[in-house]
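Chemist: Provided herewith is a single structure, encoded as structure tokens, for subsequent inquiry.
Quick note: the coordinates plus some simple rules give every number you see, no bench work behind them. On a predicted model such as this, the values are computed, not experimentally measured, just so you know. Quick reminder, even Gly has a Cβ in these numbers, built from the backbone with ideal geometry, and neighbours come from all protein chains shown.
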């Protein structure tokens, strides 16, 4: 007789963010028109770094793994996307340490694939950008290809 022990999955570090739990979407974040993806470019995330773009690596690069949490953070394990600056129609996006409550790091994924920075109502846009460039926020334009994004996985719950 074989006895099987059922082990429940649980987070032994409850303060640690798990990239595929309590999220709307996760994985590679791709602009289908260009096959460019959100990327950290391997920079040290202990410091504030630019949120950049790079050719999509088809899910094999940890530098391209992001989540849109159920708290509306566009994030990695310890860093969140925030806007650098204000008052313009084109703003750079950076990754910095996630704050427990920071309205500047709230994002919305629209049905058309646009990722909207909630406070500014501007969209992630890669128009005119190439590998290694810093991602920008620009005025949202419905169905503009450079503002459409696809996550690798979407949560069903």
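Chemist: Can you work out the FRET efficiency for the pair residue 139 and residue 35, with r the C-beta to C-beta distance and R0 = 30 Å, to the nearest 0.05?
Modeler: 0.80
Chemist: If R0 is 41 Å, what FRET efficiency do you get for residue 72 and residue 130 from their C-beta distance, rounded to 0.05?
Modeler: 0.90
Chemist: Relative contact order for the chain: what is it in percent, counting Cα pairs under 8 Å that are at least 6 residues apart?
Modeler: Over the chain, the number comes to 25 percent.
Chemist: Also, I was wondering about something else. Starting from the 7 Å offset along Cα-to-Cβ, what nm value, one decimal, do you get for the label separation of residue 154 and residue 103?
Modeler: Between residue 154 and residue 103, the label points sit 2.9 nm apart.
Chemist: I would also like to ask the following. Based on the alpha carbon coordinates of the range 24-73, what radius of gyration and maximum Cα-Cα distance (Dmax) apply, in Å?
Modeler: Values for the range 24-73 (Cα only, Rg and Dmax): 11.1, 32 Å.
Chemist: How much of the pair distance distribution for the chain lies past 29 Å, counting alpha-carbon pairs only, in percent?
Modeler: It works out to 16 percent of all Cα pairs.
Chemist: Contour minus end-to-end for residue 47 and residue 111, with contour as 0.36 nm per residue of separation and end-to-end as the Cα-Cα distance?
Modeler: Here the answer is 19.8 nm.
Chemist: Next up: What list do you get for 89, 72 if you sort them by fewest beta carbons within 10 Å?
Modeler: Starting with the residue having the fewest Cβ neighbours, the order is 89, 72.
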